[in-house]
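The values are calculated or read from the model by the stated rules, or taken from the named source; none is laboratory data. Please read these numbers as outputs of a predicted model, since none were measured by experiment. Reconstructed Cβ throughout: ideal geometry from the backbone, glycine too, with neighbour counts over all protein chains shown. Note: accessible area is taken over every heavy atom of the protein model, side chains too, but ligands, DNA and RNA are not part of it. Shrake-Rupley method; radii C 1.70, N 1.55, O 1.52, S 1.80 Å.
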Amino acid sequence: MSVPELVVAAPRPGLRLDPFTRVWRLFCSVKFALAQILVLVLLTFVGTAISQVPPPMRSDPQLVERWVAAMHSRYGVFTDALYRAGVFDMFGSAPFRFVLGSLTVSVLVCTLNRAPAVWRATNTIPFQRRTSYYEKAEDHAFSGGVAATPAEAVARIAEAWRALGYRVVPDPTSSGAHVYADRYRLARLATFVSHLGLILMLGGGATTMLFGERNDGFVIPVGSTRALGLGTPYTVHLDAFTDEYYLQGGAKDYRSEVVVSEGDREIERATIRVNEPLVVGPVKIHQAYFGQAVVVEVKKNGQTIYQDSVPLAYQAMQYGFRPVGFFRLPTEGLNVDLVAAEDAADPAVRAGQVAIFGYTPGDDSNPVFGGVLTQRQPAHWKDLEFTFVRETQFSGFQAVRDPGAPIFFIAAGLILVGVLGVFYFPHRRLWALAQPSVEGGSDVWLAGVCPRNANFPAEFRAAVDAAAKALEV
Amino acid sequence: MGQLSNYLVVSALITLVGAFLFYVAFTITKRKDVGQYASLAGYLGYAFLTATVITRWIADGHAPYSNQYEFAVAFSWGIMTAFIYVERQFRSRALGAFVVPVPVGLLLYARSLPDQVQPLIPALQNNLLLTVHVAMAVIAYGSFAVACGGAVMYLIQRDDKVRWLPFRQDIDLLCYRAVILGFPCMFLVLVLGAAWGNIAWGRYWGFDPKETAALTTWLIYAGYLHAHSLKSWRGTRSSVLLLVGFGATLFTYYGNLFLGGLHAYSGL
């Protein structure tokens, strides 16, 4: 019995790859991209299903702590573990950003890696001169004993396909007996457009994060003027605010009549609604919320030292859920808080009243005075006289300067164009080959390729019919 | 007009239940006449749904997408639109037995919801974006429902031995076609939502639960399209992805009922 000779296999080339090539190949792998997408989906699902710290709170550790404490009622003993794992700020967490960054690198590397091959495929003419190719093609047709010579047959087919809108390329080495035709070859490049769009979209997001500015608490009481900020020299005066309701009780309209000025020069008068922001230079002002404000006057020795509307637009821990506003009297070394009733049943502050507390700057926990102001009844502290003149409203805006938004939407356009190009205009290819028939005339083979296009068999049938008509068979 | 719309919903529901029964009967018997009755009932149900949407639109004075009832009806319309498109393209009536139950279920759900015509709140008062943004969602969700029905068929059709179902290759292509119809629409949902957010709230993306759920859904279908390009993932694995994707679609649809966030207004 003979023993077969052992053959030592040559080492697989993959085992000797240098680290850079290995990493490059990893990022080129569709499986790796798929794995990253699935991990991202999982993290996003967790971030959607589990409550997230509201964005305005994230910069204030005290507010975050208070919010997390409130979450104990929902998540029980898991609350602290979820907080430490970053689950309450999933989209700002390290794992989410790492996977998003890694996927971006994958898209970039994959795009660069495929570029030469796709470019070649776009510009190379793949002539098919063997009949075996035609016999194995998914869509193919054959006609034997066509009356025309091979060159005549192919010329007629070429003309017919040209009339159908195909680009027709004759084969110079086949003496006219073979032709290639295609449509939408440039659509092969669409995959780059969509992938580059994805990267640009993340660039838009990064631009917003790094260079954008927003003030979600831009609050103006009716009749008052506030500086717009965000690097602009403008002020905004609120002439009027209106909240309208349907007969059934639902909100119908919120609108603010504003005047924008630069110094003493009026720039624009406009009405801001929820879906109709005002654009002032690089800044957009959006209608966001509204609420109660109080007009306050402070006198010292009979002289008015402060008179303005104070929006009760905030909340502070020491006052529970009551609306709070504040103003400063720097010449007196005082910060003053005004606190309204939480509701009609509030025992501490009644309708037509506001509570008032004075603090020295830097000490927000020990008021130097406190009491309740009743409308049009002055109250005194030392030589200061405080009067709650009347109630009014404030309008709350979001003022935004976002240089990333245009980049984001341009990127979205690129992705859409790329996706439509890839899926709706795939590269369609046709071939025709004619050879002299033993019975005289020609044998003609036709083939067509357009992967994953359910409509292509019908298109190929149309191309075959056009060829048959041209050949009179 | 609102009352007429409600009658039409009931008509659509009854007709689609009939269509479902005919589709099941056709799938089992393969009798041509039963298949024709199934398609006829399906088209009639679709016509009733279309009339429902139109009459509700007239009654509302804007596109009827402003609450869960209206969106359930529109979602059903989207599923039937995608189903009829795919059924005609692939001449696959068996698909009806797997897809039509979804709009039937949605219409039953809609019947359990308050159906009064309600005026738009300020946040939704953008007729163009309300119409296009939600219409894209309707088509996308509908396509994904059809792909899900196809995926169930694929998973039942083992080794092409189940005679009453189409071949696996055809089902796979059918699912793929349904997804490439819904995928760009879902992307438009995200982008138009971003555009609307940029107008109304001054931010095009805020990781709001509903928008994040929509992104998750889109990513799953992006994953499916990439998986479909791999031989090892085409077929069973990508069909499972389609089931996961439709789960995410339903999560996105119902999300505003329990996730809160800026889309919470469009609840019941």
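Remark on region A:274-305: accessible area falls by at least 20 square angstrom from chain-alone to full-complex state for A:Val274, A:Asn275, A:Lys284, A:His286, probe 1.4 angstrom.
Compute the angle between helix A:150-163 and the longest alpha-carbon principal axis of chain A, please, reported from 0 to 90 degrees and rounded to the nearest 10. The answer is roughly 20 degrees. Computed over protein heavy atoms with a 1.4 Å probe, the accessible surface of region A:354-444 works out to 45 Å² per residue.
Remark: the Cα gyration tensor places region B:2-259 in the oblate category, a/c being 1.5 or greater and a/b not exceeding b/c. Identify the trypsin sites (Lys or Arg not before Pro) of region B:141-190 meeting these criteria: DSSP loop state and at most 16 other C-beta atoms within 10 Å of the C-beta. Answer in residue order: B:Arg158, B:Lys161, B:Arg163. Heavy-atom accessible surface of A:Tyr254, to the nearest 10 Å², is about 50 Å², with a 1.4 Å probe and all protein chains retained.
Across all directions, the shadow cast by the convex hull of region A:295-420 built on its C-alpha atoms averages 12.3 square nanometres. For region A:397-432, a decrease in accessible area of 40 Å² or greater in the assembled protein chains relative to the isolated chain, with a 1.4 Å probe, applies to A:Phe408, A:Phe409, A:Leu416, A:Val419, A:Phe423, A:Tyr424. Computed as a quarter of the hull surface, the mean projected area of the alpha carbon convex hull for the protein assembly as shown stands at 48.3 nm².
Just need the relative contact order of chain A here, percent rounded to a whole number, with Cα pairs under 8 Å and 6+ apart.
20 percent.
How about B:Lys231: which lysines have a C-alpha closer than 29 Å to its C-alpha, ignoring those fewer than 8 places off in the same chain? Filter leaves A:Lys31, A:Lys136, B:Lys161.
Of the residues making up region B:218-257, those losing 40 Å² or more of accessible area when the isolated chain is joined by the remaining protein chains, with a 1.4 Å probe, are B:Leu219, B:His226, B:Leu230, B:Trp233, B:Phe251. For region B:2-259, the solvent-accessible area works out to 37 Å² per residue, with a probe of 1.4 Å and every protein chain left in place. For the set B:Trp196, A:Trp381, solvent exposure ranked by accessible area (probe 1.4 Å, protein chains only) runs largest to smallest as A:Trp381, B:Trp196.
Let me check I have the definition right: for region A:100-197, take the eigenvalues of the Cα gyration tensor, multiply each by 5, take square roots. What are those semi-axes in whole Å, largest first? Walk me through the numbers on the way to the answer.
Working: eigenvalues 278, 38, 28 Å².
For region A:100-197, the semi-axes come out at 37, 14, 12 Å.
Site pair B:Ile58 and A:His72 shows an inter-label distance of 6.0 nm when each label is modelled 7 Å from Cα along Cα→Cβ. Quick one: Cα centre-to-centre distance for region B:42-74 and region A:160-213, in angstrom? The distance from the Cα centre of region B:42-74 to that of region A:160-213 comes to 39 Å.
Between chain B and chain A, roughly 4300 Å² of accessible surface gets buried, counting both sides and using a 1.4 Å probe. Rolling a 1.4 Å probe over the protein chains gives A:Leu38 an accessible area of about 60 Å².
What separates the Cα centres of region A:72-104 and region B:168-229 is a distance of 24 Å. Computed from the C-beta positions of B:Thr50 and A:Ala163 and an R0 of 30 Å, the FRET efficiency is 0.20 to the nearest 0.05. Normalised by the number of residues in chain B, the average gap of Cα pairs under 8 Å and 6 or more apart makes the relative contact order 18 percent. With a Förster radius of 25 Å applied to the beta-carbon distance between B:Ser229 and A:Thr124, the computed FRET efficiency rounds to 0.75.
Each residue was assigned an accessible area with a 1.4 Å probe, and for B:Tyr253 the value is about 0 Å². Ignoring solvent entirely, what values of log10 I(q)/I(0) come out of the Debye formula for region A:215-268 at 0.13, 0.25, 0.27, 0.30 Å⁻¹ when each Cα is a single scatterer? At q = 0.13, 0.25, 0.27, 0.30 Å⁻¹ the computed log10 ratios are -0.40, -0.97, -1.06, -1.17. Can you tell me the orientation of helix B:168-200 relative to chain B, as the angle in degrees between its alpha-carbon axis and the longest Cα principal axis, to the nearest 10? Once rounded, one gets 0 degrees. Taken along the Cα-to-beta-carbon direction at a fixed 7 Å, the label points for B:Asp159 and A:Val30 span 2.7 nm. Cα axis of helix A:190-211 to longest principal axis of chain A: angle in degrees, 0 to 90, nearest 10? Computed tilt is about 20 degrees. Going by accessible surface with a 1.4 Å probe and the largest first, B:Met186, A:Met317, B:Met136 read A:Met317, B:Met136, B:Met186.
The modelled label-to-label distance for the pair A:Thr104/A:Ile267, using points 7 Å beyond Cα in the direction of Cβ, is 3.2 nm.
For the protein assembly as shown, with all protein chains present and a 1.4 Å probe, just round the carbon and sulfur fraction of the accessible area to a whole percent.
61
By the rule of a C-alpha distance below 19 Å, with chain neighbours fewer than 8 residues away ignored, the aspartates and glutamates paired with A:Lys300 are A:Asp308, A:Glu332, A:Asp337, A:Asp383, A:Glu385. Convex hull volume of the Cα atoms of region A:79-153, normalised per residue: 181 Å³. Determine the shape class of region B:125-198: with a ≥ b ≥ c the square roots of the Cα gyration tensor eigenvalues, call it rounded for a/c under 1.5, and otherwise prolate if a/b is greater than b/c, oblate otherwise. Prolate, because a/c is 1.5 or more and a/b exceeds b/c.
Would you work out if region B:102-242 is rounded, prolate or oblate? Take a ≥ b ≥ c from the square roots of the eigenvalues of the alpha-carbon gyration tensor; rounded if a/c is under 1.5, else prolate when a/b is larger than b/c, oblate otherwise. Because a/c hits 1.5 or more and a/b fails to exceed b/c, region B:102-242 counts as oblate.
Remark: accessible surface ordering of A:Ser174, B:Ser5 (largest first) is A:Ser174, B:Ser5, probe radius 1.4 Å.
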